[in-house]
Amino acid sequence: MSTAAASPARFEDIRVGDGLPRQTWTVAKEDIEAFGDFLYPATAQNPERRGNPHIDEEYARQSIYGGLFVDGNQTVALLCRMATDWLPPGSLVCGFSEVDVKFPNPVRVADVIAFSGEVSAKTTEGGRDRVRLEVLAQNQAGKAVAVGAICACVPRGGEMNNQGA
Amino acid sequence: MANEDTTPVYEWAVAEVGDSVPPADIKVDPDRIALYVKTSGDDNPIYTDEAFARSKGLDGTAVPIAMAMRVAPTRRSVIMKEKGCKHPVRPTPFARWQCEFFAPLKAGELITSESQLGEKFEKRARKYVVWHVKARNERGEPVLEYRSTNCWEGAKPEDRKR
């Protein structure tokens, strides 16, 4: 992977092979619990909380994982953060984005996760400028915990970026 | 005598493509966005700082795309309940998330989503289910579609060591 490129201001500034600045996350139990409360609100009747291995610590301990582990949705959120922080503002949120991520291994408390990405393609189609990023999250042992691609539509200068087409 | 829960478990063999629930409406609540930013780690100021977002050319704060999972949830537990079943008492690992957006999410708008079991498949002695979710905004425009894959049966005990 190439070295990290400075955040591009425009589509024209992005080059295939550009590397995104790596980001890291040392996973705390509190991170997992807090995101669990966001995704599965603690209402009396919420059926998504009972026996949820991201919230119910005793249940998780007795499961095949032996303890709490990170919801893949949180890993997606952090991959999106890496892309959002680097791409021109509005790129992921203006509509027309695509995310495709697999989760080959679990993320556990105290893991140190490194997020990385690289531009693999640039296209202009139907009046839209698009960038494809290959993204990867690995734990401290070098095992992939998330791997896939994020495709973003990069707004052109002067567009009201988060208004859509 | 103790009451035993005789509710059938939504096992892979019971799950049928097309299992679904009626559409649900969920508002893109600014407070919920703030909670996402606080808890997820995805905390770019374009989501919360109006002046910063405008300085970057946006017309206001943006909604993170990963909010999709909250404003258009799979509601799989509800799907199982509609079928008269309960969730298996074991983790069903999240294997893949594929999401496509057709329009931006906007703070304050109402999102209507439809969820169903869209696919079942087997691979390397593991059995998977794929939940399909489609969401529209209050103008009826498609906003997003995603497929969320879970390993439903066959997650291995060695996963404890991975």
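The values are calculated or read from the model by the stated rules, or taken from the named source; none is laboratory data. Note that the structure is predicted; figures quoted are calculated from it, not measured. Neighbour counts are summed over all protein chains in view; Cβ atoms, including those assigned to glycine, are modelled from backbone coordinates with ideal geometry.
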message = Going through B:G18, B:G84 one at a time, which residue ends up being over 25 Å from A:N52 (Cβ atoms), more than 10 Å from chain A (Cβ to nearest Cβ) and at pLDDT 95 or above?
response = B:G18
Filtered residues of the stretch A:40-53 (kept if more than 9 Å from chain B (Cβ to nearest Cβ) and either exposed (fewer than 13 other Cβ atoms within 10 Å of the Cβ) or of a type in the set (G, A, S) (or both)) = A:A42, A:T43, A:A44, A:Q45
ask   = What number of residues in the stretch B:125-157 are on the phi > 0 side of the Ramachandran plot and among the hydrophobic types (A, V, I, L, M, F, W, C)?
value = 1
message = Which pairs turn up if I take residues in the stretch B:29-41 that are outside any helix (DSSP H, G or I) and look for partners that are surrounded by 14 or more Cβ atoms within 10 Å (Cβ to Cβ) and of a type outside the set (F, W, Y) with beta carbon separation below 6 Å, at least 6 apart in sequence or on another chain?
response = B:G41/A:L78
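Condition test on A:D37, is it among the acidic types (D, E), more than 28 Å from B:R136 (Cβ to Cβ), assigned to a helix (DSSP H, G or I) and facing another protein chain (nearest Cβ under 9 Å)?
Working: among the acidic types (D, E): yes; more than 28 Å from B:R136 (Cβ to Cβ): no; assigned to a helix (DSSP H, G or I): yes; facing another protein chain (nearest Cβ under 9 Å): yes.
The answer is no for A:D37.
Residues are listed down the side, and each one gets a yes or a no for (1) at pLDDT below 90; (2) of a type in the set (K, R); (3) in contact with a helix residue (DSSP H, G or I) (Cβ under 9 Å, 6 or more places away or on another chain):
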residue: A:A44; (1), (2), (3): yes, no, no
residue: A:P47; (1), (2), (3): yes, no, yes
residue: A:G51; (1), (2), (3): yes, no, yes
residue: A:A60; (1), (2), (3): yes, no, no
residue: A:T75; (1), (2), (3): no, no, no
residue: A:D85; (1), (2), (3): no, no, no
residue: A:S97; (1), (2), (3): no, no, yes
inquiry  = Tally up the residues in the stretch B:91-106 that are in contact with an Asp or Glu (Cβ under 9 Å, 6 or more places away or on another chain) and more than 24 Å from A:D71 (Cα to Cα), please.
reply    = 2
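If you check B:T6 against the conditions, is it assigned to a loop (DSSP other than H, G, I, E, B), out of contact with any helix residue (DSSP H, G or I) (no Cβ under 7 Å at 6 or more places or on another chain), within 12 Å of another protein chain (Cβ to nearest Cβ) and farther than 30 Å from A:R156 by Cα?
Numbers: assigned to a loop (DSSP other than H, G, I, E, B): yes; out of contact with any helix residue (DSSP H, G or I) (no Cβ under 7 Å at 6 or more places or on another chain): yes; within 12 Å of another protein chain (Cβ to nearest Cβ): no; farther than 30 Å from A:R156 by Cα: yes.
In short, no.
Test A:A6 against the stated conditions and say whether it is more than 20 Å from A:E134 (Cα to Cα) and without any contact (Cβ under 8 Å) to a residue 12 or more places away in the chain.
Values: more than 20 Å from A:E134 (Cα to Cα): no; without any contact (Cβ under 8 Å) to a residue 12 or more places away in the chain: yes.
Considered against the rule, which asks whether it is more than 20 Å from A:E134 (Cα to Cα) and without any contact (Cβ under 8 Å) to a residue 12 or more places away in the chain, A:A6 comes out as no.
Rundown of residues vs (1) facing another protein chain (nearest Cβ under 8 Å); (2) in a strand (DSSP E or B); (3) surrounded by 20 or more Cβ atoms within 10 Å (Cβ to Cβ), yes/no style:
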position	(1), (2), (3)
A:I55	no, no, yes
A:Q74	yes, no, yes
A:A83	no, no, yes
A:P88	no, no, yes
A:G117	no, yes, yes
A:T124	no, yes, no
A:L133	no, yes, yes
A:C151	no, yes, yes
A:R156	no, no, no
query = From the residues in the stretch A:22-77 that are free of Cβ contacts under 8 Å to residues at least 24 places away in the same chain and among the aromatic types (F, W, Y), which one is farthest from B:Y146 (Cα to Cα)?
reply = A:Y59
request  = Select from the stretch B:95-144 the residues that are closer than 30 Å to B:G60 by Cβ and touching a Cys at 6+ places or on another chain (Cβ under 7 Å) and write down the one among them that is nearest to the other protein chains (Cβ to nearest Cβ).
outcome  = B:P104
